[in-house]
Structures are given as C-alpha cells and as structure tokens.
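The values are calculated or read from the model by the stated rules, or taken from the named source; none is laboratory data. Computed from a predicted structure; not experimentally measured. Counting neighbours? That spans all protein chains shown, and the Cβs are built from the backbone with ideal geometry, glycine included. Keep in mind that these areas ignore ligands, DNA and RNA; they rest on the heavy atoms of the full protein, side chains included. Shrake-Rupley method; radii C 1.70, N 1.55, O 1.52, S 1.80 Å.
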Amino acid sequence: MSLSTEAGIAALLAAAALLCSVAAADSLPNQRPVVGVLAQEILPEDPFAAGSSYIAACYVKYLESAGARVVPIRINRTEEEYVQIFSTINGLLLPGGNVDTETSLSTRAAKIFYRLALKANNAGDYFPIWGTCQGFQQLTLLTADRNLLTVTDTRSAALPLNFTADSSSSRLFRNFPADLMRSLSEDNITANFHSWSLSLQNFSRNGKLKRFYKVLSTNTDGTTDFISTMEARHYPFYAVQWHPEKSPFEWVDKPGMVHSTQAVRASFYTASFFVSEAMKNQHKFSSPAEEEQALIYNFSPVFRGISSIFVQKYYFD
Ligand SMILES: *[C@@H]1O[C@H](CO)[C@@H](O)[C@H](O)[C@H]1NC(C)=O
Ligand SMILES: *[C@@H]1O[C@H](CO)[C@@H](O)[C@H](O)[C@H]1NC(C)=O
Ligand SMILES: *[C@@H]1O[C@H](CO)[C@@H](O)[C@H](O)[C@H]1NC(C)=O
Ligand SMILES: *[C@@H]1O[C@H](CO)[C@@H](O)[C@H](O)[C@H]1NC(C)=O
C-alpha cells in the first residue's frame with residue numbers, strides 16, 4: 001500500500017469516526033440533564049427574606065417532576081463565573097417574578113446567558129432557554145433590545161389559549177395529546193399573573209421580534225391582544241406569559257389559580273418538553289463532586305405559608 005493510500009484511508013477512518021460521534025451525540029439523549037434556574041432580587045416587602053436573592057421552589061419542582069436536576073444561578077456574579085456555569089448546564093429557565101426587567105441584576109445575568117446561548121446554538125451546541133412570565137418579558141427585551149411591553153388587565157385570571165395556525169406544527173405543542181390541546185384552548189386553565197404584556201400590535205411592528213419568534217398563542221384582556229406563547233424560529237428558546245408551574249405546586253386561593261387535572265397535565269407536558277430539549281445538550285461538570293456542590297439540594301426551601309403567592313422559596317446570599 002502506498003503511503004498516500006494509507007494516509008487516505010486513515011483520513012477516511014477519522015472522518016467516519018467523526019461522523020459516528022456526531023451521530024451519537026445527536027441520537028443519544030443526555031439522561032442526566034441539569035437545568036440552571038436564574039435567581040432574582042428579593043422583594044423589600046418579603047417577610048421571609050434572607051440574603052439578597054431567591055428562587056421560587058415551584059420552578060425547581062416543575063423541572064424535577066420532568067426528570068431534570070436544578071442548579072441555582074445566583075445574581076451579581078462575574079461574567080467569568082457565568083461562562084463557567086454555562087459550560088456545565090444543559091438549559092436555562094428564566095422564572096416569573098417581580099423585578100425591574102430593564103435594570104435588575106437578574107436581567108443582567110439573563111442577558112449574559114442569552115448571548116452565550118445564541119453563540120452556542122450558532123456553533124451547533126444545542127442549548128435551550130425557557131422563559132415564564134417575567135422570563136418571557138426578559139426574552140422579549142433581550143431579543144428586541146428594547147422594552148415594548150404594555151400594561152394589561154391580567155393580574156389574576158385563568159384564560160384559554162387562543163392558538164395560532166403555527167401552533168400545531170410547533171416544536172413545543174406538536175406532540176401534546178389532542179385532548180390536552182382542546183382543554184388548553186377551550187377551558188380556562190392557564191394562570192395569568194402579570195401587569196405587563198407584549199401586545200400583538202407591538203410584536204407585529206417590531207422586525208427583530210417577528211423574525212426571531214413564531215407566535216403560538218395569544219390572549220386578550222378585552223382591550224389588548226397579547227402574546228401568551230411563542231417559540232424562536234431558529235433557536236430552542238420558548239416563552240410563556242402564563243404559569244404552567246403553578247397548577248401543581250402553588251396553593252394561594254386567588255382567581256386564576258387552577259388545579260384541574262388538565263391544568264396539571266399542561267404543567268407536566270410543558271416541563272417534559274423543555275427537559276427533553278435539555279437532554280439534547282451535552283454540557284457537563286468537570287467532576288461528580290463539582291456537580292454535587294452546584295445542585296440545589298445544597299439549599300433548603302423556606303415554607304412561607306400556604307396562602308403565600310409562593311408557598312416555598314430558596315433564598316441566597
Ligand atoms: C453585588 O455585589 C456587590 C459587590 O460584592 C455588593 O456590594 C452588592 O451589595 C451586591 N448587590 C446585590 C443586590 O447583591
Ligand atoms: C408599544 O411599546 C411602547 C414602548 O416602546 C409602549 O409605550 C406602548 O404602550 C406599546 N403599545 C402597545 C399597544 O403595546
Ligand atoms: C374563561 O375566560 C374567558 C376569557 O377568555 C371568559 O370570557 C369566560 O367567562 C371564562 N370562563 C369561565 C368559566 O371563567
Ligand atoms: C384569536 O386570535 C385571532 C387572531 O389573532 C383573533 O382574530 C380572534 O379574535 C382571537 N379570538 C379570541 C377569542 O380572542
């Protein structure tokens with residue numbers, strides 16, 4: 001065999017090995033996914049406040065119920081620390097809450113992760129982001145690079161989703177059972193607890209948002225049509241203005257809180273979808289010890305009363 005043939009065969013074998021490893025990465029889901037949940041500033045009126053930031057425990061339970069483990073991402077950390085954390089987690093959840101979406105340290109961290117996620121996905125490193133309520137709003141801000149939100153009368157209401165034609169082919173909804181899609185669209189099972197919304201009007205007038213996201217459902221407060229669910233066209237980014245995590249895990253007795261079987265199933269199906277997206281990512285900790293140290297099990301949630309808006313929260317320094 002001539003040298004050049006040998007080199008040629010070696011190159012072919014190397015190429016085949018590379019193809020196999022790419023195929024393996026594509027086909028073998030990561031069955032130990034870890035999702036980062038972003039903390040946010042504590043509210044001054046929180047009677048249980050300890051430290052400087054918190055995560056509502058419902059977001060942790062939501063992800064755990066669908067087979068993920070959670071790493072808390074604390075605010076006010078250096079960019080280097082966030083880059084390091086990014087390399088260890090398989091997805092990011094931006095939770096609901098009540099901070100200034102433009103100036104908060106939570107949005108600062110969200111922005112750093114958002115940019116890292118864009119870059120990673122552009123390079124073929126699949127990294128999903130899920131935004132709920134305030135997280136939805138943060139995503140609109142990060143994509144549009146400006147605040148396009150408007151006030152709506154949606155502070156405490158359960159609504160049926162008004163699905164768009166795009167919803168049935170969407171990544172998020174296409175595998176949902178038909179009876180659940182019917183409940184989501186006919187019954188009032190999606191919990192809305194927000195003063196701010198992205199109106200259909202502002203969305204439609206903003207090229208950056210329109211190019212980036214596909215609207216999957218809308219709602220109205222009677223005056224303003226606003227976007228309730230969307231997914232990015234070319235990135236595994238998902239945003240819900242409603243609260244799928246509340247139905248199974250929060251018990252405040254308020255209009256808008258629903259605990260029906262279908263509401264709880266909607267919670268699980270959204271969580272399971274997002275965790276299955278995180279399973280497509282292969283980031284990992286450099287050692288089991290490092291992973292163990294980062295997981296939320298190192299913290300204990302505080303019980304804040306059954307009629308509190310969040311039954312349990314984790315507090316961080
Ligand atoms: C952020 O970190 C700085 C420097 O460590 C500290 O002075 C400040 O109080 C922190 N802010 C919050 C909200 O944690
Ligand atoms: C559109 O966004 C602007 C901020 O850029 C806001 O003042 C206005 O209320 C919004 N209008 C609607 C209909 O959403
Ligand atoms: C469900 O929500 C709609 C608003 O989309 C409202 O008109 C209707 O009265 C609600 N139904 C119930 C039973 O609350
Ligand atoms: C649903 O959305 C469509 C299109 O945006 C709109 O024409 C229709 O009035 C909405 N229906 C309800 C019940 O809000």
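Could you work out how much longer the chain between Leu28 and Asp179 gets when fully extended? Use 0.36 nm per residue separation minus the Cα distance between them, nm to one decimal.
51.3 nm
When a/c is below 1.5 the answer is rounded, else prolate if a/b is larger than b/c, else oblate, so apply that to region 105-236 with a ≥ b ≥ c taken from the square roots of the Cα gyration tensor eigenvalues. Could you put the intermediate results ahead of the total?
On the way: a/c = 1.81, a/b = 1.26, b/c = 1.43.
Oblate, since a/c reaches 1.5 and b/c is not below a/b.
Please find the FRET efficiency linking Glu45 to Ser260, where r is the Cβ-Cβ separation and R0 is fixed at 45 Å, and quote it to the nearest 0.05. Display every interim value, and only then the final one.
Values: r = 31 Å, r/R0 = 0.69.
According to the calculation, E is roughly 0.90.
Could you tell me whether region 194-290 comes out rounded, prolate or oblate from its Cα gyration tensor? Rule is a ≥ b ≥ c as square roots of the eigenvalues, rounded for a/c under 1.5, then prolate if a/b exceeds b/c, otherwise oblate.
Numbers: a/c = 2.49, a/b = 1.19, b/c = 2.10.
Taking the square roots of the gyration eigenvalues as a ≥ b ≥ c, region 194-290 is oblate.
Please give the length that would be gained between Tyr297 and Val83 if that part of the chain were fully extended, namely 0.36 nm times their separation in residues minus their C-alpha to C-alpha distance (nm, one decimal).
Working it through step by step, the gained length comes to 74.8 nm.
Among Ala123, Ala191, Ala294, which one moves the most in a GNM of the chain with springs linking Cα atoms closer than 10 Å?
Ala123
Give me the percent of DSSP beta bridges within the chain that run antiparallel, rounded to the nearest 5.
Numbers: 27 of 42 bridges.
Close to 65 percent.
Counting only protein chains, not ligands or nucleic acids, how are His283, His259 ordered by accessible area (probe 1.4 Å), most first?
His259, His283
Need the C-alpha centroid separation for region 263-294 versus region 62-115, integer Å.
One Cα centre to the other: 13 Å.
Report the calculated FRET efficiency for Arg211 and Arg155 (r = Cβ-Cβ distance, R0 = 41 Å), to the nearest 0.05.
So, using R0 = 41 Å, E works out to roughly 0.85.
So what is the relative contact order of the chain, in percent, for Cα pairs below 8 Å that sit 6 or more residues apart?
That works out to 24 percent.
Based on C-alpha coordinates, I'd like the Rg and Dmax of the chain, in Å.
Values for the chain (Cα only, Rg and Dmax): 20.7, 80 Å.
Taking only Cα atoms and a 10 Å spring cutoff, compute GNM fluctuations for the chain and point out the largest among Ile112, Ile89, Ile73.
Ile112
Rounded to the nearest whole Å², what accessible area per residue is found for the chain with the 1.4 Å probe? Mind showing how you got there, number by number?
On the way: 14460 Å² over 317 residues.
Dividing the accessible area of the chain by its residue count gives 46 Å².
Check each of the chymotrypsin sites (Phe, Trp or Tyr not before Pro) in region 273-317 and keep only those in coil by DSSP with at most 16 other C-beta atoms within 10 angstrom; list them in order.
Those that pass, being in a loop and sparsely packed, are Phe299.
With all protein chains present, how much of the accessible area of region 203-281 (probe radius 1.4 Å) comes from carbon and sulfur, to the nearest whole percent? Before the final figure, lay out the partial values.
Working: 1570 of 2970 Å².
Accessible surface attributable to carbon and sulfur in region 203-281 totals 53 percent.
Using a 1.4 Å probe, how large is the accessible area of Arg146, given in Å² and rounded to the nearest 10?
Taking all protein chains as shown, Arg146 has close to 140 Å².
Need one value: the accessible area of Lys280 in square angstrom, 1.4 angstrom probe, rounded to the nearest 10.
Approximately 100 Å² for this residue.
From the protein chains alone at 1.4 Å, what is the descending order of accessible area for Thr270, Thr224, largest first?
Thr224, Thr270
What distance in nm separates the two pseudo spin-label positions at Ala289 and Phe268, each 7 Å out from Cα along the beta-carbon direction?
Simple spin-label model gives 3.9 nm for this pair.
Place +1 on the Cβ of every Lys and Arg and -1 on the Cβ of every Asp and Glu in the chain, take the dipole about the Cα centre, and give the residue among Gly305, Ala109, Leu184 whose Cα lies farthest towards its positive end.
Comparing the listed Cα positions along the dipole, Leu184 ranks first.
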